[in-house]
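Note sheet for the following structure.
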Amino acid sequence: MKSLSADLRLRIVKARQRGEASGRIALRYEVTARTVQKLWKQDCEVGHVRPKRRGGYRRSRLEGHEAALREWIGSEPDLTLSELQQRLKEEKGVSIGINALWHGVERLGLTFKKKPARQRARATRRSGAA
């Protein structure tokens, strides 16, 4: 749902300041009476009716543990995500999902080295024409 415009928020609060009932204001501006009440309460308590922040403000659980991750991956580049997840839980008390851990490791620019046994057996070039 989209936030109400700043202009509409101010008009609703000004109408309420004039002593109009929440129900009448709600009908006029096509909002719910609860919206009018919430805006009025916000204006009285905070002093403004700006919209609250929406989404995108969660911090990573890995915040503050970057050095440990770098050290672990640097010393053992063949660690799996599951092993990293377990180590974080045991040593740092951080419970995190595999996907979130992968995104955190990727964001730090860390890579996992592949074992030599997993490399291709032959070159990828094709020999001869079809």
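Anything in region 10-21 that is of a type in the set (Lys, Arg) and in contact with a helix residue (DSSP H, G or I) (Cβ under 6 Å, 6 or more places away or on another chain)? List them, or say none. Spell out the reasoning first.
Our first condition is that a residue be of a type in the set (Lys, Arg); within region 10-21, this holds for 11, 14, 16, 18.
Hit for region 10-21 is ARG16, nothing else.
Among the residues of region 56-85, write down those that are farther than 15 Å from GLY109 by Cβ, among the polar types (S, T, N, Q) and surrounded by 12 or more Cβ atoms within 10 Å (Cβ to Cβ).
GLN85
Limited to region 35-55, what total is found for residues that are exposed (fewer than 14 other Cβ atoms within 10 Å of the Cβ) and either polar (S, T, N, Q) or under 22 Å from the mean Cα position of the chain (by Cα) (or both)?
6
Tally the residues that are of a type in the set (Gly, Ala, Ser) and surrounded by 13 or more Cβ atoms within 10 Å (Cβ to Cβ), restricting the search to region 1-34. Reasoning before the result, please.
Of the residues in region 1-34, the ones of a type in the set (Gly, Ala, Ser) are 3, 5-6, 15, 19, 21-23, 26, 33.
Restricting the remaining residues to those that are surrounded by 13 or more Cβ atoms within 10 Å (Cβ to Cβ) gives 15, 22, 26, 33.
The number of residues fulfilling the criteria is 4.
Residue under question is GLY56, and the condition is that it be under 30 Å from VAL94 (Cα atoms) and not assigned by TED's automatic domain parsing to the domain that holds GLY93; does it hold? Write out each step before concluding.
Values: under 30 Å from VAL94 (Cα atoms): yes; not assigned by TED's automatic domain parsing to the domain that holds GLY93: yes.
It is true that GLY56 is under 30 Å from VAL94 (Cα atoms) and not assigned by TED's automatic domain parsing to the domain that holds GLY93.
Any residue in region 80-87 that is under 30 Å from ARG9 (Cβ atoms), modelled with pLDDT of 90 or more and among the basic types (Lys, Arg)?
no
The values are calculated or read from the model by the stated rules, or taken from the named source; none is laboratory data. Treat the numbers as computed from the prediction; the structure is a model and nothing was measured. With ideal geometry, Cβ positions are generated from the backbone for all residues, glycine too; neighbour counts draw on all protein chains shown.
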